[in-house]
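The structure appears below as structure tokens.
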Amino acid sequence: MDQRTLVGVLVVLMFGGFSSVVAANPLDAFEVGARESAMGGAGTASSDGIAAMYYNPAAAGIERDFVLLFGVSANEDSIEVNGTDAEIDAHVRYTAGLSSALPLWDGLGERLRFGLLLSIPHGHFYDLQLPDEQSPHFPLLDQGPRRLLASAALAFELFEGLHLGVGASVMPHVRGDVHIDIADEQGDNNASVLAEYDVGAEFGIRYDVLSWFSLGIAYRMAKESEIDIPVDVRISDAIPPVYARLSSVAYSMPHTLRIGAAVSPLEELGFSADVVWSKYSDFHGPNPVVWVYDASGRVVQESRAASSPLSDTLAIHLGGEWRFLEDWALRAGYAYVPSPVPAQEGAANQLDADRHCVSAGLGFELQLDTERSTQAIELGLHGSLMLLDERSFEKTEFLPGAAGFPSLSMSGLYYGAGAEMKLRF
């Protein structure tokens, strides 16, 4: 077994052993909240309470009750690459959250509120897949949803109608060491893994200009989840030790700026619109790099996954809500999200396409007047259909035998549905 093969086997074994212990934000590919998901993700100026922690943390202070949220959602794909099923796993998520006032002292109690949001993928907390150099993969649609999300937000009403908010989410950096001594009969082997959490901040403002008109703006800082694992292997006294190191970004979130407006021309009718700028030019996909060193620390071999830089995007989200029969609400929305992935003309095969998403949903609120019990129960259903534009990539480099050569095409859709329950006290 040569050094490269040995290191490759060890790396596979390492990731197979601890791929369920770190977390990142999955909601850039799919929306959160039954109401917001049904309205095309246009929530910067219209969302409130728990779901607002993703769209605009300032709006987390709009709700005045103590609120608990429970939800479930599922997304499935039908995507083909060169006429063959892409075989992306279905994504099922469970959501829980709460929102409450912080009555610290008189006069401030109802102005300062906090919220927590937890979104967990079905069956695990985290699933990391690092593609090889040329395998076709979907860095934006496939990697993000398979991980835990934990967010928190504080919102303060500076004066009537003006809300300020700050949020935070956790992104870990995984460090470790692997030592294997095959020559030692006593098995002097050990490994260590450490997840060092890094907190990323989010900021937001919401201003209810009039009773029927609101504006919102939110900014989310870029964050990355990194993995860095050094390996050293001693095979025998006659063979020099093998020193290697694997480094990769497990998941990356770009700088994001959301600007939104919401209007209610009638008491029972509302519309909202968002423009979302994402700085994907700073995005780093899960493309591992493996270095092999000699005893002096000099790099003797490097294996680097092929990749191509992404472009910044400007997405549009539109939504509407009609509240009828007092307790019922009908919702619908549309979103256009351009792809940041450029033409894949070389060895890289990062796949993505412009997305058109249509969505709809239904909400119902049951009011309860019983003392010392839930004041209201809100139920929400939503469904969505995300159409990916058909896209073809023609390779300009001569890469005989490589995946995707001489051309690569993709098309398909995502469809999803979910249900949510809120308890107001």
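The values are calculated or read from the model by the stated rules, or taken from the named source; none is laboratory data. The model shown is predicted, which means the values in this text are computed figures rather than measured ones. Because the Cβ atoms are built from the backbone with ideal geometry, glycine has one as well, and the counts that use them run over all protein chains shown. Each accessible area value is taken on the protein alone, full model and side chains, heavy atoms only, with ligands, DNA and RNA left out. Shrake-Rupley method; radii C 1.70, N 1.55, O 1.52, S 1.80 Å.
Taking the criterion of being in contact (Cβ under 8 Å) with a residue 40 or more places away in the chain and part of a strand (DSSP E or B), the residues of the range 199-213 that qualify are Gly200, Glu202, Phe203, Gly204, Ile205, Arg206, Tyr207, Asp208, Val209, Phe213. Looking across the range 197-213, the residues that are of a type in the set (A, V, I, L, M, F, W, C), open to solvent by 80 Å² or more (accessible area, probe 1.4 Å) and within 29 Å of Ala150 (Cβ to Cβ) come down to Val199, Phe203. Total residues in the range 246-269 satisfying the condition of being out of contact with any Leu (no Cβ under 6 Å at 6 or more places or on another chain) and farther than 30 Å from Arg147 by Cα: the figure is 8. Would you say Ala306 is open to solvent by less than 60 Å² (accessible area, probe 1.4 Å) and at pLDDT below 85? The answer is yes for Ala306.
The set of residues in the range 391-425 being of a type in the set (Ser, Thr, Tyr) and touching a Leu at 6+ places or on another chain (Cβ under 8 Å) consists of Ser392, Ser411, Tyr414, Tyr415. For the range 262-296, a residue qualifies if it is within 26 Å of the chain's Cα centre (by Cα) and either charged (D, E, K, R) or open to solvent by 50 Å² or more (accessible area, probe 1.4 Å) (or both), and the qualifying residues are Phe271, Asp274, Val275, Trp277, Lys279, Ser281, Asp282, His284.
Scanning the range 223-238 for residues being modelled with pLDDT of 85 or more and within 30 Å of Ala153 (Cβ to Cβ) gives a total of 0.
Residue by residue through the range 380-402, note down the ones that are out of contact with any strand residue (DSSP E or B) (no Cβ under 6 Å at 6 or more places or on another chain) and either open to solvent by 30 Å² or more (accessible area, probe 1.4 Å) or among the aromatic types (Phe, Trp, Tyr) (or both). Correct list: Asp389, Thr396, Glu397, Phe398, Leu399, Pro400, Gly401.
Take the conditions (1) under 19 Å from Gly418 (Cα atoms); (2) assigned to a strand (DSSP E or B); Ala42 misses just one of them, which is (2). Residues in the range 339-359 that are crowded, with 18+ Cβ neighbours inside 10 Å and either under 24 Å from the mean Cα position of the chain (by Cα) or closer than 15 Å to Phe283 by Cβ (or both): 13 in all. The single condition from (1) over 23 Å from the mean Cα position of the chain (by Cα); (2) within 24 Å of Ala273 (Cα to Cα) that Gln367 fails is (2).
Contact map, the range 181-196: residues that are surrounded by 12 or more Cβ atoms within 10 Å (Cβ to Cβ) paired with residues that are modelled with pLDDT under 70 and in a strand (DSSP E or B), Cβ distance under 9 Å, separation 6+ or inter-chain. Pairs shown: Val193/Val174; Ala195/Pro172; Ala195/His173; Ala195/Val174.
The residues of the range 403-425 that are open to solvent by 20 Å² or more (accessible area, probe 1.4 Å) and of a type outside the set (Ser, Thr, Tyr), listed by number, are Ala403, Phe405, Pro406, Leu413, Ala417, Ala419, Glu420, Met421, Lys422, Leu423, Arg424, Phe425.
Go through the range 243-305 and tell me which strands (runs of 3 or more DSSP E), entirely inside it, have 1 or more residues that are touching a strand residue (DSSP E or B) at 6+ places or on another chain (Cβ under 6 Å) and closer than 30 Å to Ile182 by Cα.
Qualifying strands (runs of 3 or more DSSP E): 289-293, 299-304.
Inside the range 214-241, residues that are surrounded by fewer than 22 Cβ atoms within 10 Å (Cβ to Cβ) and assigned to a strand (DSSP E or B) make up a count of 13. Consider the range 78-104 and keep the residues that are hydrophobic (A, V, I, L, M, F, W, C), over 30 Å from Leu68 (Cβ atoms) and assigned to a strand (DSSP E or B). The one that is farthest from the chain's Cα centre (by Cα) is Val81.
For the residues Glu80, Glu110, Glu87, the requirement of being touching a Gly at 6+ places or on another chain (Cβ under 8 Å) and either of a type in the set (D, E, K, R) or closer than 24 Å to Leu351 by Cα (or both) singles out Glu80.
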